[in-house]
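Readers should treat all values here as calculations from the given coordinates under stated rules, not as data from a laboratory. Nothing here was measured: the structure is a model prediction, and the numbers come from that model. Cβ placement follows ideal geometry from the backbone for every residue including glycine, while neighbour counts extend to all protein chains displayed.
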Amino acid sequence: MLDRATACADSILTRTARTPRIAVILGSGLGAFADSLQNSISIDYGELDGFPRPTVAGHSGKLVLGEHAGRDVLVMAGRFHYYEGHSLDAVGFPIRVLRQLGIRYLLVTNSAGGINPAFNVGDLMVIEDHLNLIGANPLYGPNADAFGPRFPDMTQAYDPAIRACMETAAAARGFKLQHGVYAGLSGPTYETPAEIRMLRVLGADSVGMSTVPEVTVARHSGIRVGGISCISNKAAGMGDEELDHSHVATAAQAVAGDFIGLLGGTIEAMSADPAFDWTPLPRAVSAS
C-alpha cells in the first residue's frame, strides 16, 4: 500500500507545480465546487493507478487541482463506494495518496437523507460525529504501520477547529448550518422506515452510504477532517416521497451557491487562522 500510494502521489506531482495542503471530496451532485477553482487542471481517475472510475451518477471521476483565494486546493470530484463492489481498502486508497502528497486537512462532503425531523431538504449539516454501520472497517487486517497506529483514536474524528471555521463561513454568508451525527451504511438500498427509526434511537441525524471509510483512513493517516452533509431528501418514513437518486442531484443543484460559498469560506477562514499549519504533512515511510 505504501509503495502504491507513493507512486500514485509522485505521478500526480509530475503534472502540476501546485502544493495543496487541503483536499475536498465532493459527494453526489456536489461537483460544482471543482468548477469554481481558478487556474485548475484535472486528471481523470482512469489515469491514476489505484483509482477506479465511479459508476454512480453525479460523480465525474476526476482529480482537480486549482486555487481558491490564493490557496492551492485538491478536489476529488466524485468518490467510489463499498456498494459498487470495491473493497474498503480500495475506497480508502485515495486518502493514502493524499497523505503522500502532504495534505494536512480534508473536507468531506456527501448528500444524505435527513433523519432529524427538524431538518429540511437543502439544509447543510456540519458532521459532528459518525456511526459506522457499514459492517466493516477500512483498517481491518494487518496495520499499515507507516501511516498510523494499530488503534487510532476517533474521539475527534471531525476536527472542532474546522467546524468552527465552517460556522464562520456560514455566518459571513448569512445562512444557518445544521449540526448532527452522520450514519454510514453499506447500501445500495435506501433504508427501510424501521431502520430509520432505529437510527433515530441510536442518535443519527443524517444517513448515507459513504464518508465513514474515508474519514477513518484520514484520521489513521494523521489528516484532520471536516465534514458536511447536504440533506437531499427526507429519510424513509420521514416524508411522503418515494426515494430516488434523481432527487439527490436536484437538491444539490438547488443549494449549489450556498455549498460553494461554505466550502470556499471555510478554506478562507482556515487560511486566516494562525492555528492552522500549512506546511506539508510528512510522507509516510517504511520503518524498515
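Kirkwood Rh, Cα Rg: Rg to Rh for the range 44-157?
When Rh is taken as the Kirkwood radius, the ratio is 0.96.
Out of residues 5 or more away from His179 or on other chains, whose amide H comes under 5 Å of its own, with H placed 1.01 Å from N in the peptide plane?
HN-HN under 5 Å from His179: Val126.
Considering amide H positions built from the backbone, and no H for Pro or chain starts, which residues 5 or more places from Asp123, or on another chain, come under 5 Å of its amide H?
Distant-sequence amide H within range of Asp123: Ile231.
What would the Debye equation give as log₁₀ I(q)/I(0) for the range 115-167 at q = 0.21, 0.24 Å⁻¹, counting only Cα atoms as equal point scatterers?
Debye curve over Cα of the range 115-167, log10 I(q)/I(0) at q = 0.21, 0.24 Å⁻¹: -0.99, -1.08.
Which three semi-axes in whole Å describe the equivalent ellipsoid of the chain, each the square root of 5 times a Cα gyration tensor eigenvalue, listed largest first?
Largest first, the chain gives 28, 22, 18 Å.
Provide the packing ranking of 13-24, 93-104, i.e. peptides ordered by the mean count of other C-beta atoms within 10 Å per residue, highest first. Show your work: numbers first, answer last.
On the way: 13-24: 17.4, 93-104: 24.2.
Those peptides, ordered most packed to least, come out 93-104, 13-24.
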